[in-house]
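A short worksheet on the structure shown next.
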Amino acid sequence: MVGSVHTLNSELKNDPEYSASLNGLQTASEAFGEHQATGVFIPHFPESWFERSSSLKKIIWCGSATRKWGECGALDHCRTPEFYDDDPNDKDRHAISKSIFWRTMRSVGCHLEKSVTSFDPELKYSKHNQPETVVWSNVFRVGGPNGEPSRRLQQAQIQDCIACLKREIHLAKPNAVIFHTGYLSTNFTQAYFGAQDVGEDIPGCDGRVGVYAQAKTTVPHIWMTRHTKHTDQIRISDALAALNYAGVFK
Amino acid sequence: MKPDPNLYDYWPYAGRPKIVWPGGKKLAFWIAPNIEFYEFMPPTNPQRQPWPNAIPNVQQYSQRDFGNRVGHQRLMELLDKYSLRGSVSLNVALCDHHPEIIEDCVARDWEFFSHGIYNTRYSYGLSPEQEQAVLDDSIRTVEKASGQRIRGYLAPALTHTEHTLDLIAENDFWYSCDLFQDDQPQPLKTKTGKLVSMPYSLEVNDVITYSVMGFDPDRYTDMLKRHFDQLLKEGERSGTVMCIPLHAYLVSQPHRIRPFEAALKHIMAHRDDVWFATGREIAEYYREHYWDQAIADIAARGVATGGTGFAA
C-alpha cells in the first residue's frame, strides 16, 4: 500500500482495487527513480461526498497532467498545504491562481455552491478555500522532473491511472465527470476509459458526452473539446452548458 | 463527407513543364526510414484496431520493437557505407522512448518529418483542434530533440481526417507523403501555404512487399531496381522522384539486408544522374523552382477542377 495517504478517504483507502492501482502507480514511480518521477498524486474527496443524505452536487474535474508537481520523489506532495498555497512570486511552481484550469474550476464550483458561504471564489485557491462540490483529479498521477510526465512515464502508468480514476468514480459517485484533457480527450483518454461517445455535440458548447460503460449507474462523462486558447468566460459557460445538458442542475 | 476530397487537380503526366534537379540530375532519390513506436497496450479506436489479434499482442509488439533495438543500427551502418542520409518518418514519441536513436540520426544530419505521435494512435475522429495539438506536439518535440523544424508529414499509420492537409499547410509544412497519385511532386490545393505532394511509395514500401505481398528479398531487390530504372529513364524527359520507405523491423532482418544492399549498389552505380537528397530538400527546390510553373500549366490546360484552389 502506498504510504503517507493520510488524506485519503476511508472509502477509497479500504477499497482493494483502488489500493492495487495506487500500488501499481507507486511501483511505476519507484522504477523511474526519485529524480525522474514524483510521488503519486491522490485527489482529495471531502467526507461530505460519501454522506448518503447529502444533496451536494458532485463534479470530478479531471485534468491531464499537472505542470508542476513539486519535488520528484516527494510522495503525496500534492496533498501538502504548500501545494495549495499559491505564491505569485514563485514562478517555478504550478499557478493555481493563474491557470485557466483552476479559474474555471473555481467559478463553476461557485456557481454550484451558491448557498455555501465558506467558499469565496475571489480568494486564492488553498486547502482552506476549496469548492466542496468540485474535486480535482488527473488522468496522470506521477509527474516527471519538469512536471508533465514524459511519454515513457505516461506509458508506464496509464493503465493504473485509468483504473484509479474509474474506481474513484465508482466509489465517489459524482453527478458528472468533466475532462479538460486537451487532445487526449476523445480518441485517447476516452478510448482508454472505455467510454462510449453518444455521437452528438452538447448544444451551446464545444463538448461531447460519453457514457461510462463499466459503471452500474450512468455517470455522464463530459469531454471539453474547446481549444485551449479560448477565454475563461467561454470555458466557464461551456462547462455549465455541458453540466446542464448532463442533467446536473435538475 | 465530401464526394471528392479535391486535394489536387487531374494533371496528365505527358507534356508537363520539364523538371531538372540540381546539377542537371534526372531523378531525385530519397530514403525514408520509418522510426516508429507501437504501444504495447494502445487505446482502442472505433475505426481501426492497432493489432490484428487481441490485446496484448506480445508477438506483434516485440516484432516492431526489433526495429528500434537492432534494425535501425543495421540500416544506419548500411546507409553510412554509401553516404546516404535518411529522411526519418518519425513517431515523435520516439524522442522520449529511445533518445539514443534520435541522437544517432542527428549525428548523421538526417532529416526528421512527422509520422504522428505513436503509430498506434490514429487520426480518425480527431477534431481540427485535436489534430492541431498533434502537430504542435510534433513540431515542439522534434525541435527540442534535434533542433530541426519539421517540414514534412506522413499521417500516423496513414490515417487522415478531412482537415489534415489544410492543417499541415497552415502550420508551414512543405510536403505531404500521404498521397500516391504521381511520380513527380505536385502542388496540393490547400487553403493556405504551399504544400507539395511528395512521391513516397506504397509499391516499393517494405511493409507492402514483405508483410502484405509476402515477397522474398531477392524479388524486392528486383522490384527496386526496375522501379529505379524506369523512373531514371523518364527523368530524362522531366525529373522524377523515387522514395524507398523502409521499416527496420522488416528490411533489416539479417536475411534481407544484403539483398537490399544490392539494390542500393545498383542505384549508386547511376550516381551521375541522381540527386541524393532528403524530402525537405526536394520539396524546397520544387517550391522555389517549379511550383508556379506547375500551377500555370494546370490552368493553361484547362484541367483545374475548381474547389478551394491553390493558396494565393
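Going through B:Ser176, B:Ser201, B:Ser197, B:Ser114 one at a time, which residue ends up being under 30 Å from B:Ile298 (Cα atoms) and touching a Cys at 6+ places or on another chain (Cβ under 6 Å)? Talk me through it step by step, then tell me what you get.
Numbers: B:Ser176 fails: touching a Cys at 6+ places or on another chain (Cβ under 6 Å); B:Ser197 fails: touching a Cys at 6+ places or on another chain (Cβ under 6 Å); B:Ser114 fails: touching a Cys at 6+ places or on another chain (Cβ under 6 Å).
The match here is B:Ser201.
Just need a number here: residues in the range B:42-54 that are among the hydrophobic types (A, V, I, L, M, F, W, C) and exposed (fewer than 15 other Cβ atoms within 10 Å of the Cβ). Reasoning before the result, please.
Applying the first criterion (among the hydrophobic types (A, V, I, L, M, F, W, C)) to the range B:42-54 yields B:51, B:54.
After this cut, where a residue has to be exposed (fewer than 15 other Cβ atoms within 10 Å of the Cβ) as well, the list is B:54.
Summing the residues that are among the hydrophobic types (A, V, I, L, M, F, W, C) and exposed (fewer than 15 other Cβ atoms within 10 Å of the Cβ) in the range B:42-54 gives 1.
Quick check: anything in the range B:166-180 of a type in the set (A, V, I, L, M, F, W, C), touching a Pro at 6+ places or on another chain (Cβ under 6 Å) and closer than 22 Å to B:Ala277 by Cα?
We begin by selecting, within the range B:166-180, every residue of a type in the set (A, V, I, L, M, F, W, C); these are B:167-169, B:173-174, B:177, B:179-180.
Applying the additional criterion that residues be touching a Pro at 6+ places or on another chain (Cβ under 6 Å) yields none.
No, the conditions are met nowhere in the range B:166-180.
Taking interchain pairs and intrachain pairs at least six residues apart, which have beta carbon atoms under 6 angstrom, with the first residue in the range A:43-67 and farther than 17 Å from A:Ala176 by Cβ and the second in a strand (DSSP E or B)?
A:Arg67/A:Gly147
Answer yes or no as to whether B:Gln63 is surrounded by fewer than 19 Cβ atoms within 10 Å (Cβ to Cβ), out of contact with any Lys or Arg (no Cβ under 8 Å at 6 or more places or on another chain), more than 30 Å from B:Gly125 (Cβ to Cβ) and polar (S, T, N, Q).
Details: surrounded by fewer than 19 Cβ atoms within 10 Å (Cβ to Cβ): yes; out of contact with any Lys or Arg (no Cβ under 8 Å at 6 or more places or on another chain): yes; more than 30 Å from B:Gly125 (Cβ to Cβ): no; polar (S, T, N, Q): yes.
For B:Gln63, the condition - surrounded by fewer than 19 Cβ atoms within 10 Å (Cβ to Cβ), out of contact with any Lys or Arg (no Cβ under 8 Å at 6 or more places or on another chain), more than 30 Å from B:Gly125 (Cβ to Cβ) and polar (S, T, N, Q) - is not met.
Report the residue count in the range B:120-153 for those that are within 12 Å of chain A (Cβ to nearest Cβ), in contact (Cβ under 8 Å) with a residue 60 or more places away in the chain and surrounded by 19 or more Cβ atoms within 10 Å (Cβ to Cβ).
Number satisfying all stated conditions: 3.
Going by what's in this entry, would B:Ser83 be described as more than 14 Å from chain A (Cβ to nearest Cβ) and more than 19 Å from B:Asn34 (Cβ to Cβ)?
On the way: more than 14 Å from chain A (Cβ to nearest Cβ): yes; more than 19 Å from B:Asn34 (Cβ to Cβ): yes.
Against the criterion (more than 14 Å from chain A (Cβ to nearest Cβ) and more than 19 Å from B:Asn34 (Cβ to Cβ)), B:Ser83 qualifies.
Go through the range A:1-28 and give me each residue that's of a type in the set (Gly, Ala, Ser) and modelled with pLDDT of 90 or more.
Of the residues in the range A:1-28, the ones of a type in the set (Gly, Ala, Ser) are A:3-4, A:10, A:19-21, A:24, A:28.
Scanning the range A:1-28 gives A:Ser19, A:Ala20, A:Ser21, A:Gly24, A:Ala28.
When A:Phe32 is evaluated against the numbered criteria (1) modelled with pLDDT under 80; (2) over 27 Å from A:His170 (Cβ atoms); (3) touching a helix residue (DSSP H, G or I) at 6+ places or on another chain (Cβ under 7 Å), which criterion, by number, is the only one it fails?
Of the numbered conditions (1) modelled with pLDDT under 80; (2) over 27 Å from A:His170 (Cβ atoms); (3) touching a helix residue (DSSP H, G or I) at 6+ places or on another chain (Cβ under 7 Å), the odd one out for A:Phe32 is (1).
Those residues that are closer than 16 Å to B:Ser87 by Cα and either touching a Lys or Arg at 6+ places or on another chain (Cβ under 6 Å) or among the acidic types (Asp, Glu) (or both), I need them from the range B:176-195; list them, please.
First pass over the range B:176-195, keeping only residues closer than 16 Å to B:Ser87 by Cα: B:176-178.
The answer is B:Asp178, and nothing else.
Return a yes/no flag: does the range B:55-74 have any residue that is touching a strand residue (DSSP E or B) at 6+ places or on another chain (Cβ under 7 Å) and within 14 Å of chain A (Cβ to nearest Cβ). Don't jump to the end; show me each part of the working.
First, pick out the residues of the range B:55-74 that are touching a strand residue (DSSP E or B) at 6+ places or on another chain (Cβ under 7 Å): B:67, B:72.
The next check asks that each one be within 14 Å of chain A (Cβ to nearest Cβ); those that pass are none.
Checked against the condition, which is being touching a strand residue (DSSP E or B) at 6+ places or on another chain (Cβ under 7 Å) and within 14 Å of chain A (Cβ to nearest Cβ), the range B:55-74 yields no hits at all.
Out of (1) among the β-branched types (Val, Ile, Thr); (2) part of a helix (DSSP H, G or I); (3) within 14 Å of chain A (Cβ to nearest Cβ), what's the single condition that is false for B:Ile168?
Unmet for B:Ile168, out of (1) among the β-branched types (Val, Ile, Thr); (2) part of a helix (DSSP H, G or I); (3) within 14 Å of chain A (Cβ to nearest Cβ): (3).
Check whether at least one residue in the range B:76-88 is touching a residue at least 40 places away in the same chain (Cβ under 8 Å), of a type outside the set (Gly, Ala, Ser) and crowded, with 23+ Cβ neighbours inside 10 Å, and report yes or no.
Yes, the range B:76-88 contains a residue that is touching a residue at least 40 places away in the same chain (Cβ under 8 Å), of a type outside the set (Gly, Ala, Ser) and crowded, with 23+ Cβ neighbours inside 10 Å.
Quick one: B:Tyr10 ticks every box in (1) exposed (fewer than 15 other Cβ atoms within 10 Å of the Cβ); (2) of a type in the set (Phe, Trp, Tyr); (3) outside any loop (DSSP other than H, G, I, E, B) except a single one, so which number is it?
Against the list (1) exposed (fewer than 15 other Cβ atoms within 10 Å of the Cβ); (2) of a type in the set (Phe, Trp, Tyr); (3) outside any loop (DSSP other than H, G, I, E, B), B:Tyr10 comes up short only on (3).
Looking only at the range B:96-116, which residues are within 30 Å of A:Met224 (Cα to Cα), more than 8 Å from every other protein chain (Cβ to nearest Cβ) and surrounded by fewer than 24 Cβ atoms within 10 Å (Cβ to Cβ)?
Selection gives nothing.
Do any strands (runs of 3 or more DSSP E) entirely within the range A:137-236 hold 2 or more residues that are at pLDDT 85 or above and more than 9 Å from every other protein chain (Cβ to nearest Cβ), and if so, which? Working first, answer last.
Details: elements: A:176-180, A:195-201, A:207-212, A:220-224.
Answer list for the range A:137-236: A:176-180.
Select from the range B:33-45 the residues that are in a loop (DSSP other than H, G, I, E, B) and at the interface with chain A (Cβ under 8 Å from one of its Cβ atoms) and write down the one among them that is modelled with the lowest pLDDT. So that I can check it myself, show each step before the final result.
In the first step, residues of the range B:33-45 are kept if they are in a loop (DSSP other than H, G, I, E, B); the result is B:36-44.
Okay, now just the ones that are also at the interface with chain A (Cβ under 8 Å from one of its Cβ atoms), so B:39-41, B:43-44.
On the way: B:Glu39: 91, B:Phe40: 89, B:Met41: 84, B:Pro43: 80, B:Thr44: 75.
Applying the filter and picking the extreme gives B:Thr44.
The values are calculated or read from the model by the stated rules, or taken from the named source; none is laboratory data. Because the structure is predicted, anything quoted here is derived from the model rather than measured. When we count neighbours, we look across all protein chains shown, and the Cβ atoms used for this are built from the backbone with ideal geometry, even at glycine.
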